[in-house]
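To keep things clear, I will list the structure first and then write my remarks on it.
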Amino acid sequence: MSSSQQIFVRVDALQTSIKETLQLIQRLATLHPDDSDTTSQEALGDTYRADLAAEIHDGLKQHEEEFEMIQQDIEDIVGVASHDTRSRRSGNHVTKRDQERERESAELLARTSKLSEDLRL
């Protein structure tokens, strides 16, 4: 698996994790003081809310750290790909592999931008 493909897998995993965290945020936002646990029918107390908020906080922190690592890896890949392509273009010879790298780089940058937007929500 190429490094670009590995990053795509990491981006997909991060997007899934962000969606899960957004669901937790929605759950916290819709909790009412009289809500109860569906299994025990006991009232959900402040401890539950605090635990949920802590889980959300930890998740967002992990997302941010993973996002920064992904961004750095993408910058490394895009920098190498664009350098290689510029070198070949000076000789007016761009291969299909160069075109594929450029396409992957553009897609990685677009998906990173989308992740950035998701994290700002």
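The values are calculated or read from the model by the stated rules, or taken from the named source; none is laboratory data. Please read these numbers as outputs of a predicted model, since none were measured by experiment. In this analysis, Cβ positions are derived from the backbone assuming ideal geometry, glycine residues included, and neighbour counts consider all displayed protein chains.
Summary table
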| read-out | value |
| --- | --- |
| Where a residue in the range 39-61 is surrounded by 10 or more Cβ atoms within 10 Å (Cβ to Cβ) and its partner, wherever it lies, is assigned to a loop (DSSP other than H, G, I, E, B) and at pLDDT below 75, with Cβ under 7 Å and at least six apart | Ala43/Asp34; Leu44/Asp35; Leu44/Asp37 |
| Near pairs, Cβ below 6 angstrom, 6+ apart or cross-chain, from the range 8-29 (among the hydrophobic types (A, V, I, L, M, F, W, C)) to any residue that is surrounded by 12 or more Cβ atoms within 10 Å (Cβ to Cβ) and in a helix (DSSP H, G or I) | Val11/Arg111; Leu14/Glu66; Ile18/His63; Ile18/Asp118; Leu24/Ile56; Ile25/Ile56; Leu28/Leu52 |
| Residue in the range 34-44 that is at pLDDT below 90 and not in a loop (DSSP other than H, G, I, E, B) present | yes |
